[in-house]
């Protein structure tokens, strides 16, 4: 496992993760109750400010998109067009799409912000993403063998993933996944690695093909045919601009997501130690299996507040704009229980992710000790 502390074989499954951090069953239950109380308090406080916030973000995203599309008609403004369209796509994917499809704004009763009806500006169908992400990933977070986001079926990111010569290409696969991240997410549900291993057949994927093909066709026509064609002789420039905006969005999303899941100190778990999991243990697993990125308000907005990945894993259905507020409370609870609160600036988290990708490319990579995550007192809480 990716943490050094392990439970004894005499521990019950419900106590093993708590044993890693020296928590008694009573403390684990109290910890879970405190997390429940934070969640209920925020739910009770949801209201017009939250609704106004997300509607304003949607308005801003649309304005950036319109500005970007319009500026492509002015060749000297091409860099500005790409910048505006990139911001639009990042906002659509991170702060709007990801969070709306988590059901964070279902309480509003707004069809345009309903998790059941919303779809985002990416080649991955929303319905398929909600199954692989909302259900699989958030239910089985960092459980090796259940959470397919551990390595995305492509990378080796944990010592419990058996090494194979294929993983010598870990850094190359990571680079390609970063550049084509929306495509990696779109193809995630096909479970290609399980087809190669004989655990899944092509026939098992038949129900996924229609939605996937339909969404890929729609996105491809929009970005690479329709909008470039509307600019007439500027078609090549607009095509290149749209591709560049998608590339920028892919690189940004990959870095934010990987820094929230795979930097130094983030724990993984076995299927056995998560059996018969209590609510408190589920919260503890989310905390130990996540990491935050420090930054200012604009940074948190552009990351969809997934810079607060710890709070997102603890409370995935709360509006993400509340995570900075919740973070102060979660951090205080962690201090009282002596729990690690993994946080750090983007460059440090990103460097530790890169080191892990390279380390686990090698057959002996799992033998090298992983550096501990920074303690909670090392980084100031971002505003």
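Rule-based calculations on the coordinates, nothing more; no lab input. It should be emphasised that the depicted structure is a prediction, and the values quoted were computed from it without experimental measurement. Here the Cβ is made from the backbone with ideal geometry for all residues, glycine too, and neighbour counts use every protein chain on show.
Taking the longest Cα principal axis of the chain as reference, the axis of helix 78-91 is set at about 40 degrees.
With a/c under 1.5 counting as rounded, go ahead and sort segment 173-269 into rounded, prolate or oblate using the C-alpha gyration tensor (a ≥ b ≥ c being the square roots of the eigenvalues; past the cut-off, prolate if a/b is larger than b/c, else oblate).
The shape class here is oblate.
Computed with the Debye formula from one identical point scatterer per Cα of the chain, without solvent, the log10 of I(q)/I(0) at q = 0.12 Å⁻¹ comes to -0.97.
For segment 251-298 versus segment 129-146, the inter-centroid distance based on Cα atoms is 12 Å.
The alpha carbon gyration tensor of segment 201-243 gives principal lengths a ≥ b ≥ c with a/c of 1.5 or higher and a/b greater than b/c, which makes the shape prolate.
As a size descriptor, the averaged projected area of the C-alpha convex hull of segment 62-119 was calculated at 4.0 nm². When each of 133, 164, 98 is scored by the number of other beta-carbon atoms lying within 10 Å, the sequence from fewest to most is 164, 133, 98. For the peptides 292-301, 276-285, the ranking by packing is 276-285, 292-301, with the highest mean count of neighbouring Cβ atoms within 10 Å listed first. Between residue 74 and residue 40, the contour length at 0.36 nm per residue exceeds the alpha carbon distance by 7.2 nm. Estimated from the Cβ-Cβ distance and a Förster radius of 35 angstrom, the FRET efficiency linking residue 135 and residue 168 is about 0.60.
Computed from the Cβ-Cβ distance with R0 of 56 Å, the FRET efficiency linking residue 277 to residue 63 stands at 0.80. Entry note, the chain: relative contact order of 25 percent, from Cα contacts under 8 Å with a spacing of 6+ residues. Sorting 336-343, 125-132, 217-224 by average packing, meaning the other beta carbons within 10 Å per residue, from highest down gives 336-343, 125-132, 217-224.
Helical runs (DSSP H, four residues minimum) scored at -39500 (n - 2.57) apiece and divided by the length of the chain put the mean residue ellipticity at 222 nm at -15000 deg cm²/dmol. Taking Cα atoms only, the orientation of helix 209-221 departs from the longest principal axis of the chain by about 50 degrees. Here segment 30-152 has an Rg and Dmax of 17.9, 61 Å, counting Cα atoms alone.
Between helix 25-45 and the chain there is an angle of about 30 degrees, using the helix long axis and the longest principal axis of the Cα atoms.
Could you tell me which of rounded, prolate or oblate describes segment 280-340, using a ≥ b ≥ c as the square roots of the eigenvalues of the alpha-carbon gyration tensor, with rounded for a/c under 1.5 and, failing that, prolate when a/b is larger than b/c and oblate otherwise? Prolate.
Take 196-203, 253-260, 135-142 and order them by the average number of nearby Cβ atoms within 10 Å per residue, most first; the result is 253-260, 135-142, 196-203. Using R0 = 30 Å, the C-beta based FRET efficiency linking residue 114 and residue 205 works out to 0.65.
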